[in-house]
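Engineer: Have a look at the structure that comes next, please.
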Amino acid sequence: MEFKDVMQQRRAVNFFDPTKDVTEAQLKEIIETAALAPSGFNLQPWNLIVLRDKAKKEMLRKVAWDQPKITDAPVVLIVLGDREGFKKGNAGFEKDFAESVKAGIMKQEQYDWFINAANSLYGVSPERQLAFACKNTGFFAMSLMLAAKDAGLDSHPMDGFDIDGVRKAFNIPDQYWIPLLLAIGYFDKTKTLLPPKWRKSYNEIVVNF
Ligand SMILES: Cc1cc2nc3c(=O)[nH]c(=O)nc-3n(C[C@H](O)[C@H](O)[C@H](O)COP(=O)(O)O)c2cc1C
């Protein structure tokens, strides 16, 4: 699809066709396309819990405002942002450094510099840690929605959920924030899609202080 068509045709679809599945191959393609999203220092502090199982989706729905799309959609992703993804010892951090050395982007002797640089940007307060996890994971989540649309699928992002309830139900460690849930599947064509929503104009977006 043309980029602008993907942007225009992606909608938060409220109704999914429960009879149409998403294959593992489709899901893998969407996730790996979205993984091309940029991140600070290429740290990629995102993870996903993939729910397909009916009972698990019902469990999630109970702590997510009873939103029917959670059980209607064939796939629901619990999107996770790793608040510790910039720290020495974190698997993502260590892999990022090792790959950067392998690619000749960094030298082994820059290890301590890298630890300190990442920490000075992202580790100085809990607020910065949260911002690090959420902004990068937000780029990834947006890319998931666009990749799904490009592959002919529909999606729905949700932050209508009880974060502590989801954390508890799915044993999610405290280091992860949960920026959103994302349902993926096919729009139920027997339902009516709401008209496109308003968007801010150029003049409303650009500001000066
Ligand atoms: C982070 C995020 C969280 C959202 N949470 C919910 C939600 O819990 N329930 C819901 O019905 N819609 C939710 N939405 C959908 C928005 O209402 C929708 O994206 C917006 O109105 C624009 O419509 P469109 O996506 O069809 O263009 C969410 C969207 C985003 C990006």
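Engineer: Angle, helix 111-122 long axis vs. longest principal axis of the chain, Cα atoms, 0 to 90°, nearest 10?
Structural biologist: Around 50 degrees separate the two axes.
Engineer: I would also like to ask the following. Could you quote the convex hull projected area for segment 149-189, Cα atoms only and averaged over all directions, in nm²?
Structural biologist: Result: a mean projected hull area of 4.0 nm².
Engineer: Just from the alpha-carbon atoms, what are the Rg and Dmax of the chain in angstroms?
Structural biologist: Cα-based Rg and Dmax for the chain come out at 18.8, 60 Å.
Engineer: A follow-up question, please. Taking the Cα centre of the chain as origin and charging only Cβ (+1 Lys, Arg; -1 Asp, Glu), how large is the dipole, in debye to the nearest 20?
Structural biologist: Its charge dipole is roughly 380 debye.
Engineer: Could you name the lysines whose alpha carbon sits less than 25 Å from that of Lys88, not counting residues in the same chain fewer than 8 places away?
Structural biologist: Output for Lys88: Lys102, Lys107, Lys135.
Engineer: Could you work out the equivalent-ellipsoid semi-axes for segment 129-209, taking the square root of 5 times each eigenvalue of the Cα gyration tensor, largest first, in whole Å? All intermediate terms of the calculation are to be shown ahead of the outcome.
Structural biologist: Values: eigenvalues 131, 104, 32 Å².
Rounded to whole Å, the semi-axes are 26, 23, 13.
Engineer: Compute the convex hull volume of the Cα atoms of segment 1-78, divide it by the residue count, and report the result per residue in Å³ as a whole number.
Structural biologist: Working: hull volume 10.4 nm³, N = 78.
Residue-normalised Cα hull volume stands at 134 Å³.
Engineer: For segment 2-44, what log10 I(q)/I(0) values come out of the Debye formula at q = 0.16, 0.22, 0.34 1/Å, with one point per alpha carbon and no solvent?
Structural biologist: Cα-only, vacuum Debye calculation for segment 2-44: -0.70, -1.04, -1.02.
Engineer: Give, to the nearest whole percent, the P(r) tail of segment 84-148 beyond 17 angstrom, counting all Cα pairs.
Structural biologist: Numbers: 1033 of 2080 pairs.
Tail fraction, whole percent: 50.
Engineer: Quick check for me: using +1 on Lys/Arg Cβ and -1 on Asp/Glu Cβ, what's the dipole size of segment 1-54 about its Cα centre, in debye to the nearest 20?
Structural biologist: Working: 7 positive and 8 negative charges, 38 e Å.
Magnitude of the dipole: close to 180 debye.
Engineer: Mind checking which of Tyr176, Tyr186, Tyr111 has the largest fluctuation in a GNM of the chain, springs on alpha carbons under 10 Å?
Structural biologist: Tyr111
Engineer: Here's a follow-up. What angle, in degrees between 0 and 90 and rounded to the nearest 10, separates the Cα long axis of helix 91-102 from the longest principal axis of the Cα atoms of the chain?
Structural biologist: Tilt relative to the chain: about 60 degrees.
FYI, it's all coordinate maths here, none of it is from the lab. Small disclaimer: the values here were computed from a predicted structure and weren't measured. Virtual Cβ from ideal backbone geometry, glycine too; neighbours counted across all protein chains shown.
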